[in-house]
Number of protein chains: 2
Amino acid sequence: MSDLLERLRGRGWRMTAQRRVVAEVLDGDHIHLTADEVHARAVAKLPEISRATVYNTLGEMVSLGEVIEVSTDRRAKRYDPNAHRPHQHLVCARCGAIRDVHPVGNPLSDLPDSERFGFTISDVEVTYRGTCPNCASA
Amino acid sequence: MSDLLERLRGRGWRMTAQRRVVAEVLDGDHIHLTADEVHARAVAKLPEISRATVYNTLGEMVSLGEVIEVSTDRRAKRYDPNAHRPHQHLVCARCGAIRDVHPVGNPLSDLPDSERFGFTISDVEVTYRGTCPNCASA
DNA sequence: TCCTAGAATGGACAATGTCTAAGTCAAGCA
DNA sequence: TGCTTGACTTAGACATTGTCCATTCTAGGA
């Protein structure tokens, strides 16, 4: 059974066929689908699901903190169900492949007070870019 | 005289009124305009400049490495003329204000080999998010 | 079983960015 | 200085991604 689905159910989320399908599509590791990809896969399981519902559902899962929005490329947002282990992303500049990675240390400590301009910092996002082994050997 | 303009001229870039205006608009510190904002400001100086030209020109400046594309929010790309001093960005989650910041150390060294999945990493982008002093006191 | 608040639908709309065909011009050269 | 030419610019159509809204439907409780 889907972890994500379990977690959502546990929050008293009203369960519908559409929401179940979206949650199922998003479950797993190293999953980083765009809204459109989610929609395409959802349609395969439930042909009459609408685009608006997919957007709404993704938006709600993000609000609930069960899914993270990622913008690794400059096009569509991607949705990452791995919201409960802090991680960063490693992106292949050629093929767009994305991996979850776990850097050591706390990137926040690298920013001296003098460089904070009085901001209260709540979050740090790190994106590593490079070439994946596949593309490098091609 | 504009630094950016000087650098572009030095590369034998064919100079036109439109390109000059785009370069002028982009010059300065902590500048992070969207393509649309660049266009709006360019139109103020040269009313007949077209959107396509602004996009083309920005794209070329990015290719030449004289301007950096930044995606701090999930909407439009922003253009940062400060391409020659490595820096990261600090973004206010409420008002969207952006500051250039200079963390100490090299974020690359925080990613162990075991977390690199065979990638050759060429670049690291860090975005700090928080609340700016203005928004915090409001 | 019936009600009702909340969810889903689909289609219009908005924002951002890309492409193309035709016209225009900067810069080198005679 | 005045051609020539290839690069640049233009306007607008088009593409992609995302949002909104009025209507219809339905899950889950009474």
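Numbers below:
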item	result
Residue match in the range A:81-89 (condition: buried (at least 16 other Cβ atoms within 10 Å of the Cβ) and in a strand (DSSP E or B))	yes
Filter pass, A:ASP73 being within 13 Å of another protein chain (Cβ to nearest Cβ) and part of a strand (DSSP E or B)	no
Cβ pairs under 7 Å, 6+ apart, first in the range A:48-60 and assigned by TED's automatic domain parsing to the domain that holds A:ASP36 and free of Cβ contacts under 8 Å to residues at least 60 places away in the same chain, second more than 8 Å from DNA strand D (Cβ to nearest atom) and among the small types (Gly, Ala, Ser)	A:ILE49/A:ALA42; A:VAL54/A:ALA42
Scope the range A:21-44; condition surrounded by fewer than 18 Cβ atoms within 10 Å (Cβ to Cβ), out of contact with any Lys or Arg (no Cβ under 9 Å at 6 or more places or on another chain) and without any contact (Cβ under 8 Å) to a residue 40 or more places away in the chain; matching residues	A:ALA40, A:ARG41, A:VAL43, A:ALA44
Residues of the range A:85-96 satisfying the condition of being within 9 Å of another protein chain (Cβ to nearest Cβ) and at pLDDT below 90	A:ALA93
Some residue of the range B:22-35 being closer than 21 Å to B:GLN88 by Cα, more than 14 Å from chain A (Cβ to nearest Cβ) and within 11 Å of DNA strand C (Cβ to nearest atom)	yes
Candidate set: the range B:86-111, residues that are charged (D, E, K, R) and more than 12 Å from the chain's Cα centre (by Cα); chosen: the one farthest from A:GLU125 (Cα to Cα)	B:ARG94
Any hit, the range B:101-120, residues being more than 12 Å from chain A (Cβ to nearest Cβ) and either within 22 Å of A:ARG78 (Cβ to Cβ) or touching an Asp or Glu at 6+ places or on another chain (Cβ under 7 Å) (or both)	no
Residue check for A:GLU48: within 13 Å of DNA strand C (Cβ to nearest atom) and among the acidic types (Asp, Glu)	yes
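The values are calculated or read from the model by the stated rules, or taken from the named source; none is laboratory data. Model, not experiment: these values are computed from the prediction. A quick note on method: Cβ atoms are made from the backbone with ideal geometry, for glycine too, and the neighbour counts reach across all protein chains shown.
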